[in-house]
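Shown next, in structure tokens, is the structure this report addresses.
The values are calculated or read from the model by the stated rules, or taken from the named source; none is laboratory data. Here the structure is a predicted model, which means the values were calculated and not measured. Here Cβ is always computed from backbone atoms with ideal geometry, including for glycine, and neighbour counts include all displayed protein chains.
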Protein chains: 2
Amino acid sequence: MATTIRQVAEAAGVSIATASRALSGSDAVVPATKDRVLRVAAALDYTPSRLARGLVTGTTGNIGLIFPDITNPFYTSFLAEVESLVGAHDLGIVIGDSHEDPDREYALVRQMSTQVDRLVLTSSRLTDEQIVAAAGRLPIVLANRRLGDDMAMPPRLSQMVIDVDAGFTAAVTHLYKLGHRRLTYLDGPARSWSARQKRAVLTRVCGELGLNLTIVGIERPDFTAGLAAGTDLDLDQATAVLAFNDQVALGVLAALRARGIDVPGRISVIGCDDSLPDGLAWPALSTVDSSSRALGALAAAAVLDPESKQNGSVPTRLIVRRSTARAAVDLNPREEKTPEPS
Amino acid sequence: MATTIRQVAEAAGVSIATASRALSGSDAVVPATKDRVLRVAAALDYTPSRLARGLVTGTTGNIGLIFPDITNPFYTSFLAEVESLVGAHDLGIVIGDSHEDPDREYALVRQMSTQVDRLVLTSSRLTDEQIVAAAGRLPIVLANRRLGDDMAMPPRLSQMVIDVDAGFTAAVTHLYKLGHRRLTYLDGPARSWSARQKRAVLTRVCGELGLNLTIVGIERPDFTAGLAAGTDLDLDQATAVLAFNDQVALGVLAALRARGIDVPGRISVIGCDDSLPDGLAWPALSTVDSSSRALGALAAAAVLDPESKQNGSVPTRLIVRRSTARAAVDLNPREEKTPEPS
DNA sequence: TTGAAAGCGCTAACAG
DNA sequence: CTGTTAGCGCTTTCAA
């Protein structure tokens with residue numbers, strides 16, 4: 001079907017080995033021969049088979065990427081960043097979507113392991129043991145997830161996370177200073193390592209500051225879920241809302257606007273990721289900057305340079321915009337709340 | 001490194017051929033043997049090499065997808081749809097981003113051609129000739145692009161487009177009936193086939209109806225460009241804006257809101273794609289429904305069933321929401337416009 | 001029902 | 001500098 005190196009060699013009147021050398025730019029070929037081979041190859045529109053090459057060299061020229069949900073902008077922008085960094089080295093990119101299912105994720109790992117050189121697992125839903133097992137097959141880059149401290153770190157594994165500590169601490173402190181005492185947090189996916197991190201920081205900081213924290217689980221961390229949460233939001237419960245990501249926060253904003261509730265006058269809203277283009281949210285959304293693009297850049301670096309250090313982390317910080325303001329209600333509302341007309 | 005079929009065969013005490021047959025579920029193996037092989041394979045955590053298999057069978061179990069810009073939600077949702085349909089058949093998915101560059105796109109086609117069974121080209125920036133050449137290498141699915149009528153249709157090429165005619169005609173007619181006579185269109189990428197389609201329909205329909213059409217080129221069809229366009233928008237120029245896609249329309253909406261210009265009171269806005277979740281746009285955006293998900297479904301069907309018909313098309317229609325209303329200004333404003341205080 | 005052997009397209013020693 | 005040869009891991013005749 002397609003042209004093979006054999007046909008090129010024959011047409012150029014050289015051996016297959018020489019053709020191979022010429023094609024791969026080896027300098028152990030006299031220029032005249034090399035030129036001839038290259039010319040013939042071009043004329044025949046020859047493209048080397050990546051399969052065959054991979055079989056013999058043991059390196060495929062592909063990298064793999066696995067996501068829990070490629071529908072989520074967090075991962076698409078991660079993907080875009082990795083692509084632009086890695087694609088330039090003409091490595092191929094193989095992707096897979098586990099749909100949040102650990103079994104499917106592991107099946108993808110196996111399937112891909114035979115056709116990529118390195119595998120990036122984003123927000124992996126696998127167990128630590130499974131991840132270590134995967135690292136036994138091929139070098140793994142863990143993004144947005146870190147193995148438990150008790151796990152022995154396999155040599156061919158690197159991990160990079162978003163360090164939400166600073167950003168979330170700043171967010172809560174910011175709210176506290178504005179007089180907020182009751183905060184609702186719209187949580188992320190149950191199996192998610194990063195959701196656990198955020199929850200942990202939040203719980204700790206709220207505890208330290210004496211801020212009342214309500215954690216609300218949502219189905220998927222997207223606009224629609226945020227809209228629903230914003231619609232159901234009990235205004236007596238909290239004076240501020242912090243969302244797992246900007247999509248959810250955007251949904252909350254939309255719901256509150258529809259309910260005629262002023263943001264930030266009546267309630268403050270904070271998102272996470274700083275993923276929205278300027279001007280998209282109304283009012284402009286305060287957010288914890290924790291870009292998946294930055295995480296993607298880190299992952300790409302780890303993929304491209306196997307010597308890079310094994311642990312990376314993206315710092316976070318709070319970006320204050322319009323959606324947060326001084327708490328309008330009293331600090332201790334339960335005591336002073338005017339009785340509801342019944 | 002990894003377990004090979006040879007090790008499985010040895011451990012099971014059978015020949016490689018028998019192991020292969022057992023593993024591939026051939027019925028020409030006595031059940032006892034088959035079981036043994038399977039058990040051993042599982043114990044050894046054996047995963048067949050896709051490379052080796054592909055080399056001999058000539059089929060890789062992968063499909064390829066090439067985009068002009070994976071950053072664009074139009075393509076990510078296309079990708080998500082294809083993935084969910086195609087991924088279930090455990091085919092691998094290889095992606096590439098041409099960054100709008102035809103040369104890079106063709107390089108990707110070549111690179112991928114040796115490791116995928118079929119290739120989906122979305123909004124291809126290649127020439128018709130290059131596309132035909134690509135179809136000579138492997139079966140091609142052209143999405144959001146159609147070869148010129150004068151081109152001989154290669155046998156292994158199928159093409160599917162979004163038929164914008166109905167939707168755009170309805171949009172313009174809708175505006176016309178509301179009294180609008182001057183329309184600004186925010187155009188898509190220069191090299192884009194679909195942008196050309198939209199422009200053509202618009203020009204024709206506006207001509208027929210006697211509607212004044214201003215076409216404004218924008219850099220990239222995203223929110224930021226829409227914001228800029230909306231900021232620069234000359235309100236004397238038009239009473240309605242139609243955008244290449246919803247992202248741009250969203251930007252326009254944001255800009256107008258920032259300028260304090262009422263939509264739809266002062267100006268009507270229509271998007272394209274119906275890609276925004278309900279409630280995201282404010283006011284709710286009238287749009288031409290032309291989902292890239294539907295296009296993705298069509299492409300996936302073509303990929304999965306080579307026998308499927310070669311030409312597909314996604315119908316479009318107008319969805320009227322809040323962002324369009326009766327033109328507030330007079331039909332012939334130039335004559336009645338109050339003089340500016342200078 | 002199983003095994004031996006050929007070979008997919010390519011690279012990498014090893015000779016010449 | 002170039003050709004010969006031996007595989008990479010797998011499937012698939014062809015015999016037994």
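It is to be established whether one or more residues within region B:71-79 are part of a loop (DSSP other than H, G, I, E, B), in the same structural domain as B:Pro154 (by TED's automatic domain parsing) and away from DNA strand C (no atom under 16 Å from the Cβ).
Within region B:71-79, one or more residues are part of a loop (DSSP other than H, G, I, E, B), in the same structural domain as B:Pro154 (by TED's automatic domain parsing) and away from DNA strand C (no atom under 16 Å from the Cβ).
Residues are listed down the side, and each one gets a yes or a no for (1) under 21 Å from the mean Cα position of the chain (by Cα); (2) modelled with pLDDT under 95; (3) farther than 30 Å from B:Ile267 by Cβ; (4) not assigned by TED's automatic domain parsing to the domain that holds B:Phe74:
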site	(1), (2), (3), (4)
B:Met151	no, yes, yes, no
B:Arg156	yes, yes, yes, no
B:Leu178	no, no, no, yes
B:Asp187	yes, no, no, yes
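Could you tell me whether any residue of region A:92-99 is of a type in the set (Asp, Glu), more than 19 Å from B:Ala2 (Cβ to Cβ), part of a helix (DSSP H, G or I) and at the interface with chain B (Cβ under 7 Å from one of its Cβ atoms)?
No: zero hits.
For B:Leu121, are the conditions met, namely being modelled with pLDDT of 95 or more, assigned to a strand (DSSP E or B), within 24 Å of B:Ser313 (Cα to Cα) and not aromatic (Phe, Trp, Tyr)?
The answer is yes for B:Leu121.
Take region B:78-91 and flag every residue that is modelled with pLDDT of 95 or more and either under 20 Å from B:Pro189 (Cα atoms) or within 9 Å of another protein chain (Cβ to nearest Cβ) (or both).
Of everything in region B:78-91, those that are modelled with pLDDT of 95 or more and either under 20 Å from B:Pro189 (Cα atoms) or within 9 Å of another protein chain (Cβ to nearest Cβ) (or both) turn out to be B:Phe78, B:Leu79, B:Ala80, B:Glu83, B:Ser84.
Give the residues of region B:133-162 that are assigned to a loop (DSSP other than H, G, I, E, B), within 14 Å of chain A (Cβ to nearest Cβ) and in contact with a helix residue (DSSP H, G or I) (Cβ under 7 Å, 6 or more places away or on another chain), sorted by residue number.
B:Leu138, B:Arg156
Out of B:Asp97, B:Asp90, B:Asp101, B:Asp69, I need the residue that is buried (at least 22 other Cβ atoms within 10 Å of the Cβ) and acidic (Asp, Glu). Which one?
B:Asp97
Confirm whether A:Arg53 is within 12 Å of another protein chain (Cβ to nearest Cβ) and basic (Lys, Arg).
For A:Arg53, the condition - within 12 Å of another protein chain (Cβ to nearest Cβ) and basic (Lys, Arg) - is met.
Could you tell me whether any residue of region A:167-179 is farther than 27 Å from A:Val248 by Cα and out of contact with any Gly (no Cβ under 6 Å at 6 or more places or on another chain)?
No, region A:167-179 contains no residue that is farther than 27 Å from A:Val248 by Cα and out of contact with any Gly (no Cβ under 6 Å at 6 or more places or on another chain).
Across region A:20-40, what is the total count of residues that are near DNA strand C (Cβ under 10 Å from one of its atoms), among the aliphatic types (A, V, I, L, M) and surrounded by fewer than 21 Cβ atoms within 10 Å (Cβ to Cβ)?
Counting residues in region A:20-40 that are near DNA strand C (Cβ under 10 Å from one of its atoms), among the aliphatic types (A, V, I, L, M) and surrounded by fewer than 21 Cβ atoms within 10 Å (Cβ to Cβ) gives 2.
For region A:3-35, give me the residue count where each residue is near DNA strand D (Cβ under 9 Å from one of its atoms), assigned to a helix (DSSP H, G or I), farther than 20 Å from B:Thr114 by Cβ and of a type in the set (D, E, K, R).
Residues meeting the conditions: 1.
Would you confirm whether any residue within region B:280-295 is more than 14 Å from the chain's Cα centre (by Cα) and farther than 27 Å from B:Pro264 by Cα?
Checking region B:280-295: not a single residue is more than 14 Å from the chain's Cα centre (by Cα) and farther than 27 Å from B:Pro264 by Cα.
Name, by its number, the condition in (1) more than 12 Å from DNA strand C (Cβ to nearest atom); (2) touching a helix residue (DSSP H, G or I) at 6+ places or on another chain (Cβ under 7 Å) that does not hold for B:Ala43.
Of the numbered conditions (1) more than 12 Å from DNA strand C (Cβ to nearest atom); (2) touching a helix residue (DSSP H, G or I) at 6+ places or on another chain (Cβ under 7 Å), the odd one out for B:Ala43 is (2).
Would you confirm whether or not region B:72-90 contains a residue that is closer than 29 Å to B:Val303 by Cβ, out of contact with any helix residue (DSSP H, G or I) (no Cβ under 6 Å at 6 or more places or on another chain) and within 15 Å of DNA strand D (Cβ to nearest atom)?
There is at least one residue in region B:72-90 that is closer than 29 Å to B:Val303 by Cβ, out of contact with any helix residue (DSSP H, G or I) (no Cβ under 6 Å at 6 or more places or on another chain) and within 15 Å of DNA strand D (Cβ to nearest atom).
With the structure loaded, tell me whether B:Gly54 is small (Gly, Ala, Ser) and part of a loop (DSSP other than H, G, I, E, B) or whether it fails that test.
No: the conditions fail for B:Gly54.
Residues of region A:168-179 being surrounded by fewer than 24 Cβ atoms within 10 Å (Cβ to Cβ) and either touching a helix residue (DSSP H, G or I) at 6+ places or on another chain (Cβ under 9 Å) or among the charged types (D, E, K, R) (or both), which ones? Don't jump to the end; show me each part of the working.
Looking only at region A:168-179, we keep the residues that are surrounded by fewer than 24 Cβ atoms within 10 Å (Cβ to Cβ), and these are A:169-170, A:173-174, A:176-179.
Result: A:Thr169, A:Thr173, A:Tyr176, A:Lys177.
Quick check on my filter: what residues within region A:59-72 are of a type outside the set (A, V, I, L, M, F, W, C) and more than 8 Å from chain B (Cβ to nearest Cβ)?
Listed by number, the residues that qualify are A:Thr59, A:Gly61, A:Gly64, A:Pro68, A:Asp69, A:Asn72.
Where the second residue is more than 9 Å from DNA strand D (Cβ to nearest atom) and the first is within 15 Å of B:Leu44 (Cβ to Cβ) and lies in region B:13-29, which pairs have Cβ atoms under 6 Å and are six or more apart or on separate chains?
B:Ala19/B:Val37; B:Ala22/B:Val29; B:Ala22/B:Lys34; B:Ala22/B:Val37
Note down all Cβ pairs under 7 Å where the first residue falls in region A:102-123 and is within 9 Å of chain B (Cβ to nearest Cβ), the second is part of a helix (DSSP H, G or I), and they're at least six residues apart or on different chains.
Partner pairs satisfying both residue conditions: A:Ser113/A:Arg137; A:Thr114/B:Arg50; A:Thr114/B:Leu51; A:Gln115/B:Arg50; A:Gln115/B:Leu51.
Which of the residues belonging to region A:48-70 are more than 10 Å from DNA strand D (Cβ to nearest atom), without any contact (Cβ under 8 Å) to a residue 60 or more places away in the chain and under 30 Å from B:Glu81 (Cα atoms)?
If the condition is that a residue be more than 10 Å from DNA strand D (Cβ to nearest atom), without any contact (Cβ under 8 Å) to a residue 60 or more places away in the chain and under 30 Å from B:Glu81 (Cα atoms), then A:Ser49, A:Arg50, A:Thr60, A:Gly61, A:Asn62, A:Gly64, A:Leu65, A:Ile66, A:Phe67, A:Ile70 are the ones that fit.
For region A:267-320, which positions are within 14 Å of chain B (Cβ to nearest Cβ), of a type in the set (S, T, N, Q) and not in a loop (DSSP other than H, G, I, E, B)?
Scanning region A:267-320 gives a single hit, A:Ser292.
Filter region B:218-265 down to the residues that are in a helix (DSSP H, G or I) and among the acidic types (Asp, Glu) and list them by number.
Within region B:218-265, B:Asp232, B:Asp246 meet the criteria.
Among the residues in region A:3-17, are any near DNA strand C (Cβ under 7 Å from one of its atoms), away from chain B (no Cβ under 11 Å) and under 30 Å from A:Ala300 (Cα atoms)?
No, the conditions are met nowhere in region A:3-17.
Looking at this structure, is A:Val241 crowded, with 24+ Cβ neighbours inside 10 Å and not assigned by TED's automatic domain parsing to the domain that holds A:Leu202?
Here the answer is no, as A:Val241 does not meet what is asked.
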